[in-house]
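Notes follow the structure.
The values are calculated or read from the model by the stated rules, or taken from the named source; none is laboratory data. These numbers were taken from a predicted model, which means no experiment stands behind them. Note that each Cβ is placed from the backbone with ideal geometry, even for glycine, and that neighbours are counted across all protein chains shown. Surface accessibility is based on the protein's heavy atoms, side chains included, excluding ligands, DNA and RNA. Shrake-Rupley method; radii C 1.70, N 1.55, O 1.52, S 1.80 Å.
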Amino acid sequence: MHRYSKFQKIWAVLPIFLLILTKTSNHCFAQSKLLFKVKADPSATKIPPAMWGVFFEDINFGADGGIYAELIKNRSFEFTKPLMGWTIQRKKATEGELLVVNRKDDHPNNPRYLQVTVTNAQPGSLGITNEGFKGMGIKKGLRYDFSMLYRQSTKGVKLHFELIGKDNKVIGQGELTPTNGQSWTKQSTSFYATETDPKAKLTIWFEGTGKIDLDMLSLFPEDTWMKRPGGLRADMVQMLADMKPGFVRFPGGCIVEGMDLENRYQWKKTVGPVEERPTMINRWNTEFPHRSAPDYYQTFGLGFFEYFQLSEDIGAEPLPILNCGMACQYNTAEVVALDELDPYVQDALDLIEFANGDINSKWGKVRAEMGHPKAFNLKMMGVGNENWGPQYLERLKVFTTAIKAKYPDFKIIASSGTDPDSERFHFLNDNLRALNTDIIDEHYYRPADWFLKNAGRYDNYPRNGSKVFAGEYAVHADKAFVGNERNNWQSAITAAAFMTGLERNAAVVEMASYAPLFAHIDAWQWAPDMIWVDNLKCYGTPDYYVQKLFSLNKGTQLASILLEDKPLTGQNGLYASAVMDRKRKELIVKIVNHSDKLQNANFQIDRPGKFKSSGWVEEMTGDSLTETNSFKLPTAISPKQSQVKVKAGQLNMTLKPYSFNVIKIPFN
Ligand code: AHR
C-alpha cells in the first residue's frame, strides 16, 4: 500500500524552501497553479432530490443483533435448534422440567413455546440464561423493559431476572409475578442496570410450584430511537439521520432473493403483531463457511412497516426491493414457473396498497392498524435484485405491465445483474433500455483501479431514456485487509473520486447507495461496510464521511468544473464535480486529489451575481492510505472545516496529497 506521510512532512517545510528557491531562480521550483473553470448556470440540470441514499440489508447482523434493539436471541424458540442462545441453569435434577412444545397446526407462524414445570423452586435453582447477540450491550442507569407471552395451567410460578455482567456480577435485577391464567397473555416489567457491560447475559430464575408456558421473551433498552417500545437502536439510526439520505433501500440485497424461493423475503410475513411474524433462517447464516453464523435468523421485528417508518423518520424516500420470482442465481437459481408468478406480482401490487392505500382498503387497513393511517407515499420499487438472463426479463415484463396498469406513474427499478461490465450486463442493459425501463440498478464491488478508470463511466450514457441507480457499490481493498480494516482511506477517497462522476452525470444517475451499510464487529460476514458497530457503540468509517459529505452537499442544480476545458476524470490524479444549491445559496465544488502530490489550485468562478468574500472547505485526508477509523478513534478520518477567501470570482487553495475537499462558496 502506498504511504505518503513523507510528502506531508516535506509539505510542512515546502513554503520556506520555495521562498529561498524563488529568490535565487525564478523558474526552477515554482509550482504551477492548475486553473479550474467553474461555471454555474442557473438553468442547468436539476440534481435528483433523492440522489444519495442508503442501502439496508440484514447482513453482518445489521438487523437482528444490530439496529433492531431486541437483546434476547431466539426469543420465541423458533431457531432450528429451539434452545440455541439459551442455557438451562439447574442445581438439582429434581426441581423441574423444561420442554419445548410445538403447536404448529394452531400457530403456524410461531409454533414453539417453552413449558416450565417447577416444584418448590428457589431463585438460583432452575433457570434459563440467554446469551444475547454476542452478549447484550447494557448501560449503567438505563431502564430495561422485559416482556413475555405466557399462560399458566397451574398458577404459582414467579420469575426473577438477573443481568449478568463480567465475572458473573449481577448488574441489574427485576421480578415478575404472572397474574393471568389459562389464556396467552402479555406481561411486562422493567428494571435498571447498575453497570455498563458490552457482553452481559440475562438469566431468568423460576420460583415456586406450578406450570407456565412462555413465548416471545423479550428485553429492550428504553433508549430506542424516538423511545419507541420494541424499536431500533438510537445511535445507529442517528448515524443515518445525520446523513440526511434521499432514500432508504430495503431489505437488500441477496436477502430479497433467498437461497431458494422458500427462503425469499416476503414482506407480508413481516407486518402485523411481532409474535405473528414467522422467524426464518437468514441466508447469510450459511453463505460464507469462513464466516459461519449458525445463529443468524430473521425475526422480522424490523419488518416492512418499520422500514417505511424509518424512512419517514429520517426524511428519506422508501425504496423497497421485491423478489421477482427468482432465487439467488449463485445459490439454487430456482425460478417460479411463469404461470405461477401471479402471487409474486400480487405482493408488489399489495405493497403499494399497504404503503399508500386508503385505510379502508385491505392493506391500507393493516398499515392503519399498525399505527400509521397516513400514507407513506411510496413512489418506486425494485423488482428483483442482481437477477439476470432472459428468465429475468420475462418475469420483469409481467410485473411492469401489472404495476403500470394500476399505477402508471409508479417507477420501477430493474436489475442489471451482479456486475457492470460483462456480457450479462450488456444483454440486460440493452434490453432494459429498449423496454424503456424507468431505472436500471447497477452494482459494482470492485478494486480501487476499477473505480478510478470508471470515473467517466456515465459521461457518454444516453441522456434520454432509462436512468441509472448505482444501487450497491464499494471499493474493495486487497484481501490482505480484513473486516473493518477494509474501510480505509484508500477505499473512501477512491469512492469519492468515482462519486464525482456520478454527480457530474446527475442527468443520468438518479440515485446511488454504498453497500452494505452496517456490520457488527463480532459477527460480520461481508466487508467493507459503511458503519461498524458493537453492542454499545458505532462509528462511521471514512467511507461513511465521504457518503455523508456528498449527501449533505448534494445541491439543487449541476454546475461544471473544467481543467483545460475538460471534466476532471483523473488528469493529474484529480477528480471533480460541482453543483449549486439555490436554497442554501452556495456553489459547491467537490475535488479529489488522488495523487501523492500537493497541487495548487486556482478556481475561477463564472456565475452571474456576487459571491461572498469567504467560503468554507471541508477537507478529508489521512496519514496514509491504509489508515482507518475505529471504535477508539472514530473520527480520525473525517471532514475538518476551514475558511477560504474568494476575491473577484477567484479562489486559491492547496489540495493536499490524497485529499477530498468540499468547497462551499456562498453567494448573494
Ligand atoms: O451487499 C452485499 C451483497 O452484495 C448484497 O446482498 C447483494 O445484492 C450483493 O451481491
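Can you tell me which residue within region 227-275, out of those that are in a helix (DSSP H, G or I) and farther than 26 Å from residue 532 by Cα, is nearest to the chain's Cα centre (by Cα)?
Our first condition is that a residue be in a helix (DSSP H, G or I); within region 227-275, this holds for 227, 234-243, 254-257, 261-263, 267-270, 274-275.
In the following step, the residues that additionally are farther than 26 Å from residue 532 by Cα were identified as 261-263, 267-269, 274-275.
Values: 261: 24, 262: 25, 263: 21, 267: 18, 268: 22, 269: 21, 274: 22, 275: 25 Å.
Among them, the one singled out is 267.
Tell me, which residue of region 514-532 that is assigned to a strand (DSSP E or B) and buried (at least 24 other Cβ atoms within 10 Å of the Cβ) is farthest from the ligand (Cβ to nearest atom)?
Here is the first cut: in region 514-532, the residues assigned to a strand (DSSP E or B) are 514, 518-520, 531-532.
With the extra rule that they be buried (at least 24 other Cβ atoms within 10 Å of the Cβ), the set shrinks to 514, 518-519, 531-532.
Details: 514: 10, 518: 11, 519: 10, 531: 13, 532: 15 Å.
Restricting to residues being assigned to a strand (DSSP E or B) and buried (at least 24 other Cβ atoms within 10 Å of the Cβ), the top hit is 532.
Does any residue in region 515-528 that is farther than 23 Å from residue 444 by Cα come within less than 9 Å, Cβ to Cβ, of a residue that is within 15 Å of the ligand (Cβ to nearest atom) and assigned to a loop (DSSP other than H, G, I, E, B) six or more places away or on a different chain, and which pairs are these?
Final answer for the pair search is 522/61; 523/60; 523/61; 523/66; 523/293; 523/296.
In region 562-609, which residue that is small (Gly, Ala, Ser) and in contact with a strand residue (DSSP E or B) (Cβ under 8 Å, 6 or more places away or on another chain) is most open to solvent (accessible area, probe 1.4 Å)? Break it down into steps so the answer makes sense when it comes.
Quick first cut of region 562-609, residues small (Gly, Ala, Ser) only: 570, 573, 576-578, 595, 601, 609.
Still in the running and in contact with a strand residue (DSSP E or B) (Cβ under 8 Å, 6 or more places away or on another chain): 573, 576-578, 595, 601, 609.
Details: 573: 15, 576: 0, 577: 2, 578: 2, 595: 15, 601: 1, 609: 59 Å².
Among them, the one singled out is 609.
Among the candidates 435, 428, which residue alone is at pLDDT 95 or above, surrounded by fewer than 17 Cβ atoms within 10 Å (Cβ to Cβ) and under 30 Å from residue 350 (Cβ atoms)? Steps first, please.
On the way: 428 fails: surrounded by fewer than 17 Cβ atoms within 10 Å (Cβ to Cβ).
Only one candidate qualifies: 435.
Could you grab me the full set of residues in region 310-337 that are surrounded by fewer than 21 Cβ atoms within 10 Å (Cβ to Cβ) and either aliphatic (A, V, I, L, M) or in contact with a Phe, Trp or Tyr (Cβ under 9 Å, 6 or more places away or on another chain) (or both)? I'd like the intermediate steps shown before the answer.
Step one: of region 310-337, the residues surrounded by fewer than 21 Cβ atoms within 10 Å (Cβ to Cβ) are 312-315, 317, 329-337.
The answer is 312, 313, 314, 317, 329, 333, 335, 336, 337.
In region 440-449, what count of residues is obtained for those that are within 23 Å of the chain's Cα centre (by Cα) and surrounded by fewer than 19 Cβ atoms within 10 Å (Cβ to Cβ)?
Restricting attention to region 440-449, the residues satisfying the condition of being within 23 Å of the chain's Cα centre (by Cα) are 440-448.
Cutting the leftovers down to surrounded by fewer than 19 Cβ atoms within 10 Å (Cβ to Cβ) gives us 445, 447.
Residues that pass the stated criteria total 2.
Please work out if residue 535 is more than 16 Å from the ligand (Cβ to nearest atom), in contact with a Pro (Cβ under 6 Å, 6 or more places away or on another chain) and not acidic (Asp, Glu).
Numbers: more than 16 Å from the ligand (Cβ to nearest atom): yes; in contact with a Pro (Cβ under 6 Å, 6 or more places away or on another chain): yes; not acidic (Asp, Glu): yes.
Spelling it out, residue 535 is indeed more than 16 Å from the ligand (Cβ to nearest atom), in contact with a Pro (Cβ under 6 Å, 6 or more places away or on another chain) and not acidic (Asp, Glu).
Since residue 104 meets every condition but one in (1) among the charged types (D, E, K, R); (2) free of Cβ contacts under 8 Å to residues at least 24 places away in the same chain; (3) more than 16 Å from residue 280 (Cα to Cα); (4) outside any strand (DSSP E or B), which condition does it not meet?
Unmet condition: (3).
Report whether or not residue 198 is open to solvent by less than 50 Å² (accessible area, probe 1.4 Å) and either touching a residue at least 12 places away in the same chain (Cβ under 8 Å) or hydrophobic (A, V, I, L, M, F, W, C) (or both). Let's see the steps before the verdict.
Values: open to solvent by less than 50 Å² (accessible area, probe 1.4 Å): no; either touching a residue at least 12 places away in the same chain (Cβ under 8 Å) or hydrophobic (A, V, I, L, M, F, W, C) (or both): yes.
The answer is no for residue 198.
Name the pairs whose Cβ atoms lie under 6 Å apart, with the first residue in region 43-60 and of a type in the set (Lys, Arg), the second more than 16 Å from the ligand (Cβ to nearest atom), and 6 or more positions between them or separate chains?
Close Cβ pairs satisfying both conditions: 46/557.
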